[in-house]
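Here the structure is laid out as structure tokens; the discussion comes afterwards.
The values are calculated or read from the model by the stated rules, or taken from the named source; none is laboratory data. Everything numeric in this text was worked out from a predicted model, so none of it was measured. Note that each Cβ is placed from the backbone with ideal geometry, even for glycine, and that neighbours are counted across all protein chains shown.
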Amino acid sequence: QVDAERPAALMVVGQGRVLLAGGRRLWAVAADSGKTLWSVKTRVERGELFVAQGRVWHWQQGRLVGRDLEKGQVVTRLETDDVFTPGHHLRCYSTKATQRYLITPNRGAEFVSLTGSANVQNDWIRGACRYGVMPSNGLLYVTPHPCFCYPGVLLTGFNALATASGEPLQTGRSGRLQRGPAYDELGTLNPQPSGDWPTYRHDGRRTGATPRAVGARIERLWQAQLGGRLTPPVAAAGRLYVAAKDHHTLYAVSQEDGRPLWRFVADGPIDSPPTVSGQAVWFGCSNGWVYCLRAADGGLVWRFRAAPTERRIVAFGQLESPWPVHGSVLLENGVLYAAAGRSTYLDGGIWLVALDPATGRLLHQTRLDTWARTRQDARDKPFIPGYHMEGAKSDILVSQNGFIYLGQYKFDLQLVPQDVPYVMPDPDDRTVAMDPRKEPYSADDQEPDGQYEKRQRDWLERTQKDLLARLRSRYKGYSLGQRQMGLHLLTTAGFLDDSWFNRTYWMYSASWPGYYLAHRAAKTGQLLVVGPEKTYAIQVYPSRNFQSPLFTPGERGYLLLADRNDNEPVLDYRTRGTTKGWGYTRMAPPEWYAWLPIRVRAMVLAGEHLFVVGPPDRVDPEDPMATFEGRRGSVLRVLSAADGRTLAEYPLPSAPVFDGLIAAGGRLYMTTTDGQVFCVGEKQ
């Protein structure tokens with residue numbers, strides 16, 4: 001029995017001692033007898049106490065100290081300044097310990113050495129609130145998180161990370177290209193007619209639009225059951241191509257009637273549709289290879305290992321390369337481009353390759369490797385490192401105006417990285433944007449006193465006073481990560497991320513948005529289609545609940561906005577530099593808008609008609625998740641692209657896969673969440 005007059009809020013048992021902390025005291029008692037061994041007056045901050053390396057460790061005045069277990073005296077003070085990123089707040093989960101490191105939650109998972117070796121900073125990972133990360137089995141388990149920080153960079157999902165193997169990476173030309181049986185029999189690579197849909201989202205700009213019209217009076221012409229989790233389709237020269245992701249299979253079926261033509265089984269999952277031109281079909285695979293097939297029969301022409309070496313990990317219950325290649329590769333100016341990797345901070349980074357599409361010969365190669373022991377990306381840079389980070393997760397490549405884009409990176413066609421400068425505050429720039437809060441195409445923020453913007457700015461100025469002073473002295477201001485990129489379609493979550501996390505978005509803009517929300521911005525939403533004159537956006541979260549954009553199912557519906565392509569998202573001068581403030585908004589109202597009672601999961605512009613499809617926005621009290629899970633079918637609506645008028649509406653028995661609607665040859669093709677392909681066309 002321990003002294004009951006000393007209430008303890010924290011207890012840790014280790015090395016024959018029971019360590020107790022409460023109030024402003026820390027004391028140790030013998031585990032076998034309960035005898036008090038020592039007692040010191042100190043405050044154990046954050047409610048954290050650890051025993052490792054013969055010391056008891058705790059926070060004291062913001063620093064980590066180690067006390068001798070025998071007498072309780074402070075014998076070690078750990079230096080952490082090299083790995084504690086300034087700006088923002090401490091993460092909302094606790095420190096973890098191993099025998100060699102304390103893994104702190106300053107920004108993500110800093111490895112603070114207890115043995116005198118170098119500390120290591122890992123801001124690019126983060127765990128869930130309260131639980132955080134867990135070291136076990138020689139691995140670091142990183143749980144899914146709800147954070148907005150470091151958009152486009154911060155690792156997502158549930159990950160198990162290990163010490164880097166040090167395995168040599170083979171990135172030369174030798175042994176990476178394998179010729180298939182059809183290598184000498186590939187026909188022309190001339191592009192398809194304009195009415196086809198030969199690649200993901202129609203073209204390298206990923207517009208999701210085609211000039212070939214589809215009429216408003218349509219009916220279901222055929223459907224085919226392929227099974228599995230399907231990708232969106234692509235269509236060229238009378239063939240429709242769809243991959244079953246987990247089945248490792250690429251299917252070719254007839255556009256006319258859906259009959260199967262051929263199938264090709266790869267050595268790993270295929271996460272998105274192929275690219276087609278002439279007699280060739282190209283796609284990337286999660287095994288780290290790029291494939292070229294003959295369009296006529298699926299014969300293998302060649303395959304090229306874009307990954308730096310052959311290795312496998314387990315991902316979503318399947319074997320994949322640590323350097324997977326997205327199925328949708330980019331064909332631009334007669335060159336095939338692909339990216340292999342998951343993150344510029346993992347496994348040596350991301351490799352971008354440029355290949356001869358006919359032969360598979362390597363033309364250019366670039367490696368993006370941003371890992372460093374400490375935040376080298378923030379050295380001599382004008383941004384607040386607690387809110388912005390350089391780097392990227394792998395994504396489908398986008399091209400526009402002779403450049404290739406991956407996250408906040410920009411390359412020329414030889415894969416040479418281009419300068420993307422940070423946008424700094426201009427004291428002469430007094431841009432005053434629209435305030436759309438009272439407009440019918442917006443919704444009131446739940447901001448009771450209207451002072452949210454001021455409170456956010458005051459908090460930053462108060463908590464980061466010294467950091468902001470240094471940045472202002474050197475750069476005349478500071479950045480939250482906004483960068484000058486060049487006009488193109490971008491997404492802060494990744495094109496294939498179908499989760500619709502409320503702090504991420506798509507945007508058609510000349511700027512990388514950095515650490516700004518954009519639920520009121522022009523040409524911004526959770527799904528975009530870019531036409532010749534207008535950009536059409538599905539905005540799922542038109543209001544916000546203090547720090548997060550907000551949506552209420554079964555209420556007003558989903559907001560569809562049509563903006564002129566020159567209506568660029570802007571930052572009002574009063575919100576520039578404010579974390580989670582108003583964020584991006586607009587200088588001009590939309591050309592038109594509509595509230596749709598449809599959870600729009602796919603959208604296509606075909607000539608003068610805009611097609612949207614998704615489950616109805618209804619909440620059944622008896623089965624509230626039914627529409628979200630696609631168990632109530634879907635609704636296909638036809639709207640006038642010019643003014644948003646509803647022209648027709650049709651029920652469908654299944655829900656589309658995300659972004660799974662295309663238009664080709666005057667018809668619509670849709671893949672569904674229950675493994676089917678639908679063809680819809682004009683009534684005969």
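Counted as qualifying within region 1-95 are the strands (runs of 3 or more DSSP E) with 1 or more residues that are at positive phi and of a type in the set (D, E, K, R), namely 45-52. Residues being surrounded by 12 or more Cβ atoms within 10 Å (Cβ to Cβ) and of a type in the set (S, T, N, Q): count how many of those fall in region 412-446. Residues that pass the stated criteria total 3. What are the residues in region 154-187 that are loosely packed, with under 10 Cβ neighbours inside 10 Å, among the hydroxyl-bearing types (Ser, Thr, Tyr) and not in a loop (DSSP other than H, G, I, E, B), if any? None - no residue of region 154-187 is loosely packed, with under 10 Cβ neighbours inside 10 Å, among the hydroxyl-bearing types (Ser, Thr, Tyr) and not in a loop (DSSP other than H, G, I, E, B), so the list stays empty.
Is it the case that Lys534 is among the basic types (Lys, Arg), over 26 Å from Pro385 (Cβ atoms) and in contact with a Ser or Thr (Cβ under 7 Å, 6 or more places away or on another chain)? So Lys534 does not fit the description; no.
Residue pairs, Cβ under 9 Å, 6 or more apart or interchain, first in region 195-220 and more than 17 Å from Asn333 (Cα to Cα), second of a type in the set (A, V, I, L, M) and in a loop (DSSP other than H, G, I, E, B). List them. The qualifying pairs are Asp196/Ala237; Arg201/Ile396.
Only residues that are assigned to a loop (DSSP other than H, G, I, E, B) and more than 18 Å from the chain's Cα centre (by Cα) were counted across region 370-390, and they come to 12. Scan region 630-643 for residues that are in a loop (DSSP other than H, G, I, E, B) and either among the small types (Gly, Ala, Ser) or loosely packed, with under 12 Cβ neighbours inside 10 Å (or both) and jot them down. Those that are in a loop (DSSP other than H, G, I, E, B) and either among the small types (Gly, Ala, Ser) or loosely packed, with under 12 Cβ neighbours inside 10 Å (or both): Gly630, Gly633, Ala641, Ala642, Asp643. Residue check: Ala243 meets all listed conditions (1) within 21 Å of Tyr183 (Cα to Cα); (2) within 23 Å of the chain's Cα centre (by Cα) but one, namely (1).
Among the residues of region 262-278, the one identified as surrounded by fewer than 20 Cβ atoms within 10 Å (Cβ to Cβ) and either farther than 16 Å from Leu300 by Cβ or touching a residue at least 60 places away in the same chain (Cβ under 8 Å) (or both) is Gly278. State yes or no: is His145 over 18 Å from His58 (Cβ atoms), free of Cβ contacts under 8 Å to residues at least 60 places away in the same chain and not in a strand (DSSP E or B)? For His145, the condition - over 18 Å from His58 (Cβ atoms), free of Cβ contacts under 8 Å to residues at least 60 places away in the same chain and not in a strand (DSSP E or B) - is met.
Within region 333-351, being closer than 16 Å to Gly204 by Cα and surrounded by 20 or more Cβ atoms within 10 Å (Cβ to Cβ) holds for Leu336, Tyr337, Ala338, Ala339. Contact map, region 298-323: residues that are of a type in the set (A, V, I, L, M) paired with residues that are surrounded by fewer than 17 Cβ atoms within 10 Å (Cβ to Cβ), Cβ distance under 7 Å, separation 6+ or inter-chain. Pairs shown: Leu300/Pro181; Leu319/Arg312. In this structure, Ser548 does not qualify as closer than 22 Å to Met434 by Cα, of a type in the set (Gly, Ala, Ser), modelled with pLDDT of 95 or more and out of contact with any Ser or Thr (no Cβ under 6 Å at 6 or more places or on another chain).
Met625 meets all of the listed conditions (1) modelled with pLDDT under 95; (2) surrounded by 21 or more Cβ atoms within 10 Å (Cβ to Cβ); (3) not aromatic (Phe, Trp, Tyr) but one, namely (2).
Filtered by the rule that a residue be polar (S, T, N, Q) and either modelled with pLDDT of 90 or more or crowded, with 17+ Cβ neighbours inside 10 Å (or both), region 47-87 gives Gln53, Gln60, Gln73, Thr76, Thr80, Thr85.
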